[in-house]
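Values in this text are rule-based calculations from the coordinates and carry no lab data. Since the model is a prediction, treat every value here as computed from it, not as a measurement. In this analysis, Cβ positions are derived from the backbone assuming ideal geometry, glycine residues included, and neighbour counts consider all displayed protein chains.
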């Protein structure tokens, strides 16, 4: 028998519950620590190659779009957003879904951000052999879109472990986001969101490029066996179906439901 669906709990007002401050937010403008990014140093890919790779990947659409260059107006360093607790996006998500708890908005916003990190980076590595350097990522002032002001990345052939380099790129950002949150959310829930975003990116890439099945499955499996992703869930089929061991909380929203990879799904 499958796991029982937990009853929904709503705040009496129907509005998100008050923010619970549980940790000091990072200093404004804090950037991701350089040591989290083993791609810096030797083996740099030519900037033109990085730009071409990311623009090719962006043609896949959706979460694979990572802008490169262009005017600086309308963009802010991601470190600023993390330092403010990602509150603007989380609050917007909570309002859109009429979420009864603030943590629902935080979880869904973090899940979307994880997808915007994993998708272009995973595709760039598999399609072009480049691990993009995401240390200087920026976010749109008025939304979740991401941009690299200047292209940077490393030839994967020069790295001892491209998978670990890719893991460090993405989880460095997600760790910084988690450190700045002003709403208490279970760390393993956030890790599960990251794993779910990774596998969904892999599934979308598999649908677009079926010939990548073998290397894509191998890379995704290796990433799921790395660091904070260990124990977050399991690939359950050749089409990269996935069952996670946590829940993103979307089902708690008034119009929400269990996601396809949810541990609560029957």
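Quick one: what do you get for region 44-117 if you divide its Cα Rg by 2.2 N^0.38 Å? Can you show the working numbers first?
Numbers: Rg = 15.3 Å, N = 74, 2.2 N^0.38 = 11.3 Å.
Dividing the Cα Rg of region 44-117 by 2.2 N^0.38 Å gives 1.36.
So for the pair residue 208, residue 241, with labels modelled 7 Å out along Cα→Cβ, what separation do we get in nm?
2.4 nm
Rank these for me by crowding, 161, 119, going from fewest to most other beta carbons within 10 Å.
On the way: 161 13, 119 27.
Ascending number of Cβ neighbours within 10 Å: 161, 119.
Using the beta-carbon distance between residue 72 and residue 98 and R0 = 51 Å, what value does 1/(1 + (r/R0)^6) give for FRET efficiency, to the nearest 0.05? Kindly include the intermediate steps, with their values, before the conclusion.
Details: r = 35 Å, r/R0 = 0.69.
Once the sixth-power term is evaluated, E becomes 0.90.
Which value, to two decimals, describes the C-alpha radius of gyration of region 42-252 once divided by 2.2 N^0.38 Å? The partial results should precede the final answer.
Details: Rg = 16.4 Å, N = 211, 2.2 N^0.38 = 16.8 Å.
Computed over Cα atoms of region 42-252, the ratio equals 0.98.
Run the quick spin-label model on residue 226 and residue 188: label points 7 Å from Cα toward the beta carbon, then report their separation in nm to one decimal.
Here the modelled spin labels are 2.3 nm apart.
How high is the relative contact order of region 42-252, in percent, counting Cα pairs under 8 Å that sit 6 or more residues apart?
Numbers: 345 pairs, mean separation 53.6, N = 211.
For region 42-252, the relative contact order is 25 percent.
Could you let me know the centre-to-centre spacing of region 203-218 and region 59-138, using Cα atoms, in angstrom?
Here the two parts' Cα centres lie 23 Å apart.
For residue 179 and residue 150, calculate 0.36 nm times their separation in residues minus their Cα-Cα distance, and state this gained length in nm to one decimal. Present the calculation step by step, with values, prior to reporting the outcome.
On the way: separation 29, 0.36 × 29 = 10.44 nm, distance 2.60 nm.
Extra length available between residue 179 and residue 150 comes to 7.8 nm.
Of all DSSP beta bridges in region 42-252, what percent run antiparallel (nearest 5)?
Working: 12 of 14 bridges.
So the antiparallel bridges in region 42-252 amount to around 85 percent.
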